[in-house]
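S.K.: Let me begin by handing over the structure; questions about it come next.
The values are calculated or read from the model by the stated rules, or taken from the named source; none is laboratory data. If you're wondering where the values come from, they're calculated on a predicted model, not measured in any experiment. Cβ atoms come from the backbone with ideal geometry, glycine included; neighbour counts cover every protein chain shown. Just the protein is used for accessible areas: all its heavy atoms, side chains included, with ligands, DNA and RNA removed. Shrake-Rupley method; radii C 1.70, N 1.55, O 1.52, S 1.80 Å.
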Amino acid sequence: MNWSHKVPNTETVKIANVTIEKSNEYTGQPSLWVRGTNVVEPDANGTSFVLREGGTYDFTTFFNALSEHKWNEYTVAMGYTLHGSIDGDFDIRLTSADSFSYFPSDIDGTEKSFRGDNGTHEFDINVPAQIDATERILVGFSIDAKTDLIVHNIEWRANVPAGSIRHVELAIGTTTFKKEKFITRNIDIVKKRVLGSKVDDIATHFTMHIADNGRTLDAKGLETDRVKIHPNPNAGGAGGFARNMIEAMRQNPKATHVILMDDDVNLSPESIIRTYNLLRIVKDEWKSAFVSGAMLNMDEPEIRVEDTGYMNNEGFCCPSKPSMRMCAFHDVVDSEAFSVNNDDPRIPAMKQRYQAWWYCCIPMTEIERRGMPLPLFVRFDDVEYSLRDVPKIMTMNGICVWHSPFYMRYDAAVERYQVCRNAFIIQHSSDSAPESDFLKCLERQVMLELKRFNYTNANLALDGFEDFLKGPETTFAPGFAEKRFMETHKTKESLYDLQDIANDLLKLGIDWTKLNMDSVVNDLPRSITQRAIDFATCNGQRLPLPYTQNGKVAIMADNGGAYQGGIIRKADTIVAIDVQNRKGIIRHKDKAKFNEVMRRYKNDLNEYKKKRDSLDKAYKAAFKHMTTVEAWEEYLGMSDDKKNA
């Protein structure tokens, strides 16, 4: 049966490599790439590998399946072919999955067998047009190795209308502050696997820009004609990414698209190559869209934490999709088939959808139209950039980075001060997140910390709000964001190594070496009456009611959102423990400090009500200026560099 999709006036273009990465992520979870009954030995280049005799190997996986549903939606592709070159004897067949699939299904008529002569077998297997009632989400393939196989390359190709391939000049911009280990590793990957590719068109259409906010990188040892190091003031992620945008505009040839990527990530080079190939054949209706790279968990490499997010009604950032395991076949399928429930009133997803900048590809035309980011240092710079004019966003399996999980790196200086300050700035600057109530968000942040006797971090949230109240002439002033970032790291609550406070804990009857995760994170149920009393008294800190049980010590988790109301009720002492980092702190209830924070909070709200309209006008005027290239050149000192050049 001939399933050829080749028709007159079309041309063929490679869209994805089938890879087996020689990486820690592959060692930790090889089923992201292949499920096999025998050993798979990857080569350093990622596109060649060895399959051992007697094994059956399924490539209908997160990295190696063709996301047919997405390629059909986003691109001008008119049909697909699996092309390969393999030494040895083997059988191969195409597989598929629809949105209900828990196992891949063979596609009838696509089986091929190759035997004999010990030579190299080249093959092309065309993906048949779909005839089933349910839409096909993925197409993959399976190989039965009759001898040891040397896979030279396997790739997915697409037929597209003649003349439809777009010119793409792709840049990647990453920002680093004294994280040499991560950034040099990723530079090395880019040099070897992207710029050094012998088979991918991207090799001559790609540039890497690194904004070195710490000014610690060895530019002479790292730079090439397509890897550029830019010493930069420490203006946070926003300042680094703004620098990368400007450099991508001014490189020769000018970039058509810019990938913004965090520095502390592990990178899959195929993600960059696949992004480039997607952009080359994108439909007109998607040419202005952002490309979202998913965040996978660096510690558990199969867990896809988030690809796109949204700002909810209460002002908190949430992932659009539930967390899924990309080693589980149905999750691989469901991640591509998933659609947000836009009828759920709790999820203003399409109105307030954004793409974070751990991996986000933005067309240069959009950067020039939207302008530059706001100088927020960290938090909500990427959120605001999307929400000022919510974009279409393309997502796809196999486009991702691995990032350390948030629970391993909670930082109150960021999550209290920066979040509370920047949330109000973005809403007043560009009307971002109109569905979100940031006053309610501030109240929740402050009251949560008070209920946990964390008066220090409650004040930190108010520090952020009060700095917002000072207006853009202060918050957008060069150096202010860095200065406050450093100061808040000194004033936030500091945890101690559990070993260092072991004696103090023993005096409270706690031997931390006998604790486990359950004893730290578990909670107890509360009745409606108990909840009401806890709320009315703020855990015994207001109203002259008998509440606190003197001498009661409660153990709870220390992270941004933890509130174990049943455990801590009636306690006068809380021991907060950060399990992942083996740190903790002892907090005591202090009504005087509670009253001081509450007075401050109420005074701040009154000031906001008086100044709200004038602040709105001032921030909107500042937004128009601060999102220009000229403003950022001045902010980053690039204007001085020009004068001195």
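S.K.: When you look at G540, is it surrounded by fewer than 17 Cβ atoms within 10 Å (Cβ to Cβ), at positive phi, of a type in the set (G, A, S) and outside any strand (DSSP E or B), yes or no?
M.R.: Considered against the rule, which asks whether it is surrounded by fewer than 17 Cβ atoms within 10 Å (Cβ to Cβ), at positive phi, of a type in the set (G, A, S) and outside any strand (DSSP E or B), G540 comes out as no.
S.K.: Keeping to region 210-233, report how many residues are buried (at least 19 other Cβ atoms within 10 Å of the Cβ), of a type outside the set (A, V, I, L, M, F, W, C) and in contact (Cβ under 8 Å) with a residue 40 or more places away in the chain.
M.R.: Residues meeting the conditions: 1.
S.K.: Restricting attention to region 497-521, which residues are open to solvent by less than 90 Å² (accessible area, probe 1.4 Å) and over 35 Å from the mean Cα position of the chain (by Cα)?
M.R.: I501, A502, D504, L505, L508, G509, I510, D511
S.K.: Please go through (1) crowded, with 17+ Cβ neighbours inside 10 Å; (2) in contact with a helix residue (DSSP H, G or I) (Cβ under 9 Å, 6 or more places away or on another chain) for A571 and return the number of the only condition it doesn't satisfy.
M.R.: (2)
S.K.: Farther than 17 Å from Q418 by Cα, open to solvent by 70 Å² or more (accessible area, probe 1.4 Å), touching a residue at least 24 places away in the same chain (Cβ under 8 Å) and under 38 Å from the mean Cα position of the chain (by Cα): does that describe L524?
M.R.: Spelling it out, L524 is indeed farther than 17 Å from Q418 by Cα, open to solvent by 70 Å² or more (accessible area, probe 1.4 Å), touching a residue at least 24 places away in the same chain (Cβ under 8 Å) and under 38 Å from the mean Cα position of the chain (by Cα).
S.K.: Same structure again: Looking only at region 478-498, which residues are assigned to a helix (DSSP H, G or I) and touching a helix residue (DSSP H, G or I) at 6+ places or on another chain (Cβ under 8 Å)?
M.R.: Those that are assigned to a helix (DSSP H, G or I) and touching a helix residue (DSSP H, G or I) at 6+ places or on another chain (Cβ under 8 Å): F480, A481, E482, R484, F485, T488, H489, T491, L498.
S.K.: Count, please, the residues in region 594-620 that happen to be touching a Phe, Trp or Tyr at 6+ places or on another chain (Cβ under 7 Å) and open to solvent by 100 Å² or more (accessible area, probe 1.4 Å).
M.R.: Residues flagged as touching a Phe, Trp or Tyr at 6+ places or on another chain (Cβ under 7 Å) and open to solvent by 100 Å² or more (accessible area, probe 1.4 Å) within region 594-620 amount to 0.
S.K.: Name the residue that is nearest to R185 (Cα to Cα), counting only residues in region 234-251 that are part of a loop (DSSP other than H, G, I, E, B) and modelled with pLDDT under 95. Explain how you work it out, then say what you get.
M.R.: So the first thing to find is which residues in region 234-251 are part of a loop (DSSP other than H, G, I, E, B), and the list is 234-235, 251.
Pick out the ones that are also modelled with pLDDT under 95 and you get 234-235.
Working: N234: 22, A235: 23 Å.
Result: N234.
S.K.: Right, here's the next one. If you go through region 176-198 one residue at a time, do you hit one that is in a strand (DSSP E or B) and either more than 27 Å from the chain's Cα centre (by Cα) or farther than 26 Å from V332 by Cα (or both)? Write out each step before concluding.
M.R.: As a first pass, look at region 176-198 and keep what is in a strand (DSSP E or B): 176.
In the following step, the residues that additionally are either more than 27 Å from the chain's Cα centre (by Cα) or farther than 26 Å from V332 by Cα (or both) were identified as 176.
Among the residues of region 176-198, at least one is in a strand (DSSP E or B) and either more than 27 Å from the chain's Cα centre (by Cα) or farther than 26 Å from V332 by Cα (or both), which makes the answer yes.
S.K.: Look through E607, E633 and report the one residue that is under 33 Å from the mean Cα position of the chain (by Cα), touching a residue at least 40 places away in the same chain (Cβ under 8 Å) and in a helix (DSSP H, G or I).
M.R.: Numbers: E607 fails: under 33 Å from the mean Cα position of the chain (by Cα).
Within the list E607, E633, the selection yields E633.
S.K.: Hey, another quick one. Restricting to region 332-379, count the residues that are farther than 29 Å from A248 by Cα, open to solvent by 40 Å² or more (accessible area, probe 1.4 Å) and either modelled with pLDDT of 95 or more or in a helix (DSSP H, G or I) (or both).
M.R.: So the count comes out to 1.
S.K.: I would also like to ask the following. Could you identify the single residue in E41, E68, E25 that is under 30 Å from G163 (Cβ atoms) and either at pLDDT below 95 or surrounded by 14 or more Cβ atoms within 10 Å (Cβ to Cβ) (or both)?
M.R.: Every option except E68 fails the conditions.
S.K.: With respect to T75, is the statement that it is within 24 Å of E122 (Cα to Cα) and hydroxyl-bearing (S, T, Y) true?
M.R.: no
S.K.: Tell me which residues, restricted to region 143-175, are assigned to a loop (DSSP other than H, G, I, E, B) and over 30 Å from N118 (Cα atoms).
M.R.: Here is the first cut: in region 143-175, the residues assigned to a loop (DSSP other than H, G, I, E, B) are 146-148, 162-169.
Hits for region 143-175 are A162, G163, S164, I165, R166, H167, V168, E169.
S.K.: Are there any pairs, at least 6 apart or on different chains, whose C-beta atoms fall under 7 Å, with the first in region 558-573 and farther than 14 Å from N454 by Cα and in a loop (DSSP other than H, G, I, E, B) and the second open to solvent by 30 Å² or more (accessible area, probe 1.4 Å) and among the β-branched types (V, I, T), and if so, which?
M.R.: K570/T548
S.K.: Next question, about the same structure. Need a quick list: helices (runs of 4 or more DSSP H) entirely within region 398-477 having at least 1 residues that are free of Cβ contacts under 8 Å to residues at least 60 places away in the same chain and among the acidic types (D, E). Give the steps one after another, and end with the answer.
M.R.: On the way: elements: 419-430, 438-451, 455-469, 472-475.
Correct list: 438-451, 455-469.
S.K.: Cβ-Cβ below 9 Å, separation at least six or inter-chain, first residue in region 112-135 and farther than 19 Å from G79 by Cα and free of Cβ contacts under 8 Å to residues at least 60 places away in the same chain, second open to solvent by 70 Å² or more (accessible area, probe 1.4 Å) and among the aliphatic types (A, V, I, L, M): which pairs?
M.R.: What qualifies is T120/I150.
S.K.: All but one of (1) over 20 Å from N313 (Cβ atoms); (2) at pLDDT 95 or above; (3) among the aromatic types (F, W, Y) hold for F424; state the number of the condition that does not hold.
M.R.: Evaluating F424 over (1) over 20 Å from N313 (Cβ atoms); (2) at pLDDT 95 or above; (3) among the aromatic types (F, W, Y) leaves (1) as the failure.
S.K.: Which one is nearest to I501 (Cα to Cα), of the residues in region 583-593 that are open to solvent by 60 Å² or more (accessible area, probe 1.4 Å) and out of contact with any Ser or Thr (no Cβ under 6 Å at 6 or more places or on another chain)? Give the steps one after another, and end with the answer.
M.R.: Step one: list which residues in region 583-593 are open to solvent by 60 Å² or more (accessible area, probe 1.4 Å), which gives 583, 588, 591-593.
In the following step, the residues that additionally are out of contact with any Ser or Thr (no Cβ under 6 Å at 6 or more places or on another chain) were identified as 583, 591-593.
On the way: K583: 9, K591: 24, A592: 25, K593: 23 Å.
If we take residues in region 583-593 being open to solvent by 60 Å² or more (accessible area, probe 1.4 Å) and out of contact with any Ser or Thr (no Cβ under 6 Å at 6 or more places or on another chain), then K583 is nearest to I501 (Cα to Cα).
S.K.: Additional query: Do you know which residues across region 428-446 are surrounded by fewer than 22 Cβ atoms within 10 Å (Cβ to Cβ), modelled with pLDDT of 95 or more and closer than 19 Å to M626 by Cα?
M.R.: S430
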